[in-house]
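The values are calculated or read from the model by the stated rules, or taken from the named source; none is laboratory data. For clarity, every value in this text was computed on a predicted model and none was experimentally measured. Heads up, the Cβs are rebuilt from the backbone with ideal geometry, glycines too, and the neighbour counts pull from every protein chain shown.
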Amino acid sequence: MASSFLKALAQARPDPGGGAAAAHSAALALALLEKVVRLERQRPGPEPGFWIDLLGRVRQVATSLVRLQEEDVRAYFNLTRARTKGDPEELAAAIEEAVACPLRIMQQAQEGLALISQGGGQCKLHLISDLLVACELLGSAFRGAHHIALANLPLMPQDLKRAVWAEELFHTFAAIEAEFEQVRADLLGRGPCR
């Protein structure tokens, strides 16, 4: 049951590429999280509003990831076109977007981790393993997006702007990595996978 995205990804062409694949991986994680939230929402409990609110936020992040998957394809296309045309201003803007888009994918993966943390603190224990899978998918998503951003960064001239982007990528990656490790440890501490 291959999706059209997976079929496109497997083709011998430059797009979609690694950034779109990272966003797709994060979207898979959010779909799994949505499943857990929907299951929990069906259970009678004292706080159904918690799950309803969480479901809305999960859907927002999932929608952003689908949009970012498409934006990454456009960013790469624009970068390729700008390199061919040779217009320095257009090229500079395209390079910046080729770094910014994967950074936004990383940030949405971080939002997903926060939502997994919230759901994981409240869900039934037998659902923790699904949240661990979602957590691992988000881990691969933010790390993969980071690789893409770092691959595009050297295309920028070595100036202050490039240094600012490098600093932003470094700090964002470190913060998300720490959050990933904490969420994963919390889930493992709660779940049947100890």
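Brief remarks follow.
- Flag if Gln69 is under 22 Å from Gly56 (Cα atoms) and in contact with a His (Cβ under 9 Å, 6 or more places away or on another chain): yes
- Taking the stretch 42-59 as the range and being of a type outside the set (A, V, I, L, M) and either surrounded by 13 or more Cβ atoms within 10 Å (Cβ to Cβ) or in contact with a Pro (Cβ under 6 Å, 6 or more places away or on another chain) (or both) as the test, the residues that pass are Pro48, Phe50, Trp51, Asp53, Arg57, Arg59.
- Residue match in the stretch 154-171 (condition: of a type outside the set (Gly, Ala, Ser), surrounded by 22 or more Cβ atoms within 10 Å (Cβ to Cβ) and in contact with a helix residue (DSSP H, G or I) (Cβ under 9 Å, 6 or more places away or on another chain)): no
- Selected residue (only one of Arg67, Arg57 is at pLDDT 95 or above, in contact with an Asp or Glu (Cβ under 9 Å, 6 or more places away or on another chain), basic (Lys, Arg) and over 15 Å from Leu155 (Cα atoms)): Arg57
- The listed residue being over 29 Å from Ala82 (Cα atoms), among the small types (Gly, Ala, Ser) and either in a helix (DSSP H, G or I) or modelled with pLDDT of 95 or more (or both), out of Ala98, Ala109, Ala141, Ala174: Ala174
- Annotation: Pro46 fulfils all but one of (1) part of a helix (DSSP H, G or I); (2) modelled with pLDDT under 90; the unmet one is (1).
- Subset of the stretch 177-194 that is in contact with a helix residue (DSSP H, G or I) (Cβ under 6 Å, 6 or more places away or on another chain) and part of a helix (DSSP H, G or I) - its residue that is modelled with the lowest pLDDT: Arg190
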